[in-house]
Amino acid sequence: TLAPSAAPAASASPAPSTTASPAPTQATDPAAAAAAPPASVVAQYTALTCAPSDVRRSAASTDKAQDWIAACDRDGTTKYLLMPASVVGTDVKTASAGLQGGGGTTSINTGQWVVNVEFTGSGQGKFTRLTEQTIGKQVAIVLDGVVQSAPQTNERIAGTAQISGSFNQSDAEDLSNVLRYGALPLAFERSQAESISPTLGRDSLHGGLLAGGIGLLLVIAYSFLYYRAMGIVVVASLVVSGGIIYASVVLLGSAIGFTLTLAGIAGLIVSIGVTADSFVVYFERIKDEVQAGRTVRVAADRAWPAARRTMLAADTVSFLAAAVLYVLSIGSVRGFAFTLGLSTLSDVLIMFIFTRPLVALLVRRRLFSVSRFSGLSPKMIGGRAAAVPVATTRARLAKRPTPAGQKRES
């Protein structure tokens, strides 16, 4: 809005002079100009210090165009007591920055940056009347309760206005953008306000953790029912994996400010299935080797290379999917992708440094090699014992020595 300044600036540098100008903050008609400002606004002007907090508070201002206001410039060096606005943003047709010459062109210019302002039909009349009333005075250009510029009116202007001063290119373009876009013909009304309890996030977090706990219990129950004693390996590996992931989240939170969101918890829950897949691949390969007639101990060693290749291929696909999702997504989805990728890396680490050594250690014990509770003995696979190769013997004819004095008959 453009408004005459009713009181001199309280401190700081003088505003740039202008050859024709809109002015910062409010403008007024003759009746308003003659009226005295309200005492409350005068008190506000007196108390205004233009400290950073005052400027920020003004930036959130909802003052109306017909009100007197006290405002600071955007540098916080000058304060103004401003009359009601005579020209508002919707009265400005366009504004552009250019070198002083003619209409903002660069021909025959002085090298000085200026802002050229054109008004709408009705806006031109308002602005012309404003310049008649403010010759030799400052007119403020106000956006969101902050004075963007306060040029002085030098003459009556019946056409395009030109604001000049100690502008550089950036200053001139900023001011032209304020005049062109700063005031939109929009008004916002609060239709409804709703207060949300801070416990809502806590309840969602508890719900996510409960879902993760149920999923984990189901995986453990399935492991013990199907793999019997080998379920111990599953439980131990999941516990170690959970510890590694928890430590990673804590360290990342301290180092880069990572926050575990509800979507991130969902990624951790999905990773339980990824880790369970690795156990299934390894244990099923061991079963295949046992069914072929090998002992559990030998089967665990022979099954590892093939299972390792399959697990690495599956984890690579899962990690690439998480990486692509993290790069292409925004918001909470990135939290899901991040925790899924982190859990996948943890799965690879656990299988190599914990699960494989633990299986190699346990299959040396009788419980896992011959007991029907291991879930890996030949009797438990296919419902019957696997065929064991039996060595065949060949009878050999012994050559007996012939007694002395006897002939050997053929």
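Within the stretch 246-268, being hydrophobic (A, V, I, L, M, F, W, C) and closer than 17 Å to residue 326 by Cα holds for 249, 252, 256, 258, 260, 262, 263, 265, 266, 268. If you go through the stretch 247-265 and keep only what is touching a Phe, Trp or Tyr at 6+ places or on another chain (Cβ under 9 Å), outside any helix (DSSP H, G or I) and not polar (S, T, N, Q), you end up with just 258.
Could you tell me whether residue 238 is under 18 Å from residue 342 (Cα atoms) and touching a helix residue (DSSP H, G or I) at 6+ places or on another chain (Cβ under 8 Å)? Answer is yes for this residue.
Please list, ordered by residue number, the helices (runs of 4 or more DSSP H) wholly in the stretch 26-85 having 2 or more residues that are in the same structural domain as residue 145 (by TED's automatic domain parsing) and modelled with pLDDT of 80 or more. Give the steps one after another, and end with the answer.
On the way: elements: 30-34, 39-47, 52-59.
The qualifying helices (runs of 4 or more DSSP H) are 39-47.
Taking the listed residues 285, 294, 309, 334, the one that is loosely packed, with under 15 Cβ neighbours inside 10 Å and of a type in the set (Lys, Arg) is 309, with no other qualifying. Within the option set 252, 268, 260, being more than 15 Å from residue 315 (Cβ to Cβ) and crowded, with 21+ Cβ neighbours inside 10 Å holds for one residue only, 268. Just one residue in the set 218, 209, 252 is assigned by TED's automatic domain parsing to the domain that holds residue 283, more than 30 Å from residue 71 (Cα to Cα) and at pLDDT below 75; that residue is 209.
The values are calculated or read from the model by the stated rules, or taken from the named source; none is laboratory data. Quantities reported herein were computed from a predicted structural model and do not represent experimental measurements. All Cβ positions, glycine included, derive from the backbone under ideal geometry; neighbour counts span all protein chains shown.
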